[in-house]
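Peer 1: Structure incoming, see below.
Rule-based calculations on the coordinates, nothing more; no lab input. Note that the coordinates shown come from a computational prediction; the quantities given were computed from them, not determined experimentally. Note that we place each Cβ from the backbone using ideal geometry, even for glycine, and neighbour counts take in every protein chain shown.
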Amino acid sequence: MDDKPRRLRDTCATESHLMKKIFLFTIAAAFLAGPAQADDKKLEALLDKAFDKEQTRIFKGRDKDGDGSMSRGEFTSLYGEGGAKRWLPVFDKHAGKDKALSLKEFSAVRRDIHLGGGNGERPVALETRFKFSRQGKMFRTYDKSGDGKVTNAEWAKMFEGKPNAARLAQFKSADGNKDGALDRIEFLEMLLSPPRRER
């Protein structure tokens, strides 16, 4: 008796079962990646907002004559002679006909220099951006346990053991999912939201 048809049928059944598992695994992976990708986009948007806010502060501090533009001299004073020589081509790429940078152009120059792309470099990875950002450093300072969340207890320790009512309310309102801890996104949203008097 020939056993070939039975073996063929068993092989097809096994392959079909394997294909179903691969399909389900792919669907599950896509489902789980969806929120992570959304979080990455939100994190990137928050880091961009923080970056732009910082560039505005730097621009205003370096615009010595208060004309609302940054000249080559003001740019050179920001980077020093050696740094300016390296980055003047990026300055020239973004400067208008007046050979000066507006705030928007200055921000584009700084983005090219510090986030990649200015001299053909690869853009900086999102995790690296967060790690080395001022906000990322603050987050790690608060997150004493290193678990990726700032708990209410860790928050309180930063205020000499007992934060005032305003700080407690700030933490509570920033804790969007009400789990008693701030993840990176909640922490950044809190830092970048305007102070209460500006709302």
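Peer 1: So which residues in the stretch 141-157 are within 15 Å of residue 191 (Cα to Cα) and touching a residue at least 12 places away in the same chain (Cβ under 8 Å)?
Peer 2: If the condition is that a residue be within 15 Å of residue 191 (Cα to Cα) and touching a residue at least 12 places away in the same chain (Cβ under 8 Å), then 141, 142, 149, 150, 155 are the ones that fit.
Peer 1: Any chance you could count how many residues in the stretch 123-172 are over 20 Å from residue 41 (Cβ atoms) and not basic (Lys, Arg)?
Peer 2: 26
Peer 1: Evaluate the stretch 100-116: report whether one residue or more is of a type in the set (S, T, N, Q), without any contact (Cβ under 8 Å) to a residue 40 or more places away in the chain and crowded, with 16+ Cβ neighbours inside 10 Å.
Peer 2: Yes, there is a match, as at least one residue in the stretch 100-116 is of a type in the set (S, T, N, Q), without any contact (Cβ under 8 Å) to a residue 40 or more places away in the chain and crowded, with 16+ Cβ neighbours inside 10 Å.
Peer 1: Residues of the stretch 53-73 being over 28 Å from residue 191 (Cβ atoms) and surrounded by 11 or more Cβ atoms within 10 Å (Cβ to Cβ), which ones?
Peer 2: Listed by number, the residues that qualify are 64, 69, 71, 72, 73.
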